[in-house]
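Report on the following structure.
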Amino acid sequence: MHVAYARERQLGLARMHSPSPIVFVVDDDISVRESLELLIQSQGWQPELFESAQEFLARPRALVPSCLVLDISLPGLNGLELQKRVAAERKDMPIIFITGYGDVPKTVQAMKAGAVEFLTKPFDDEILLTAVRQALERSRVALSRQIEMQELRERYASLTPRERQVMALVVSGLLNKQVGGELGISEITVKAHRGQVMQKMKANSVADLVKMAERLQITALR
């Protein structure tokens with residue numbers, strides 16, 4: 001199982017370092033999709049085009065920096081409804097809305113829900129490209145954090161139950177002797193467990209371990 005996790009992580013990292021981020025486009029107007037496809041390709045990005053929100057949702061999640069250029073008016077599931085789904089299921093994918101008409105309430109709703117930009121057709125290519133660049137950078141940072149967090153969870157999962165108890169007490173500020181008293185084990189045994197925890201968690205100091213525990217939301221088992 002650990003081998004599978006490692007392999008998946010390596011694949012994710014390899015894909016993340018790919019020179020071709022993906023720009024997804026969801027618009028029911030074929031002429032818009034075709035023009036955006038050429039524009040996206042001109043920047044060295046990989047375009048993926050969809051006519052409807054349903055088609056986009058059927059596509060498996062991509063482990064590369066990506067963003068979504070989304071028409072607000074779509075048949076079936078509309079742009080704002082799709083935005084809610086993406087925000088819940090694909091947090092690392094920023095959204096750039098495009099629309100054929102100015103709709104202030106919908107614009108406000110989309111921006112409040114986290115949209116990067118809201119452009120009215122016809123829009124300037126450079127404005128869109130700037131928004132896409134910003135969105136892809138945001139996606140890259142979010143993916144990096146997700147991978148780091150996954151690695152941290154895997155390290156913690158490798159600890160034995162006793163090592164987890166020792167870690168929780170150490171990060172709460174207890175000395176080895178006090179940890180031993182809490183767990184009913186000798187100070188020497190605590191030192192041995194503590195050494196294993198530091199090694200498995202790849203922590204260089206107790207301060208490092210405390211930061212890791214905060215990210216993992218670990219509290220003392222007392």
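A short reminder: the numbers here are calculations on the coordinates, not readings from a lab. The structure displayed is predicted, hence computed values, not measured ones. All Cβ positions, glycine included, derive from the backbone under ideal geometry; neighbour counts span all protein chains shown.
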Out of all the residues in the range 192-210, is one or more more than 30 Å from the chain's Cα centre (by Cα), surrounded by 17 or more Cβ atoms within 10 Å (Cβ to Cβ) and more than 30 Å from residue 93 (Cβ to Cβ)? yes
Being small (Gly, Ala, Ser) and part of a loop (DSSP other than H, G, I, E, B) is the filter here; which residues of the range 55-79 pass it? 58, 62, 73, 76
If I ask for residues that are aliphatic (A, V, I, L, M) and crowded, with 19+ Cβ neighbours inside 10 Å, which ones from the range 40-61 would you list? 40, 49, 53
Which helices (runs of 4 or more DSSP H) does the range 96-207 wholly contain that include 1 or more residues that are among the hydroxyl-bearing types (Ser, Thr, Tyr) and over 30 Å from residue 47 (Cα atoms)? 125-157, 187-201
Only residues in the range 42-59 that are on the phi > 0 side of the Ramachandran plot count as the first member; pair them with residues that are in a strand (DSSP E or B), Cβ under 6 angstrom, at least 6 apart or cross-chain, and list the lot. none
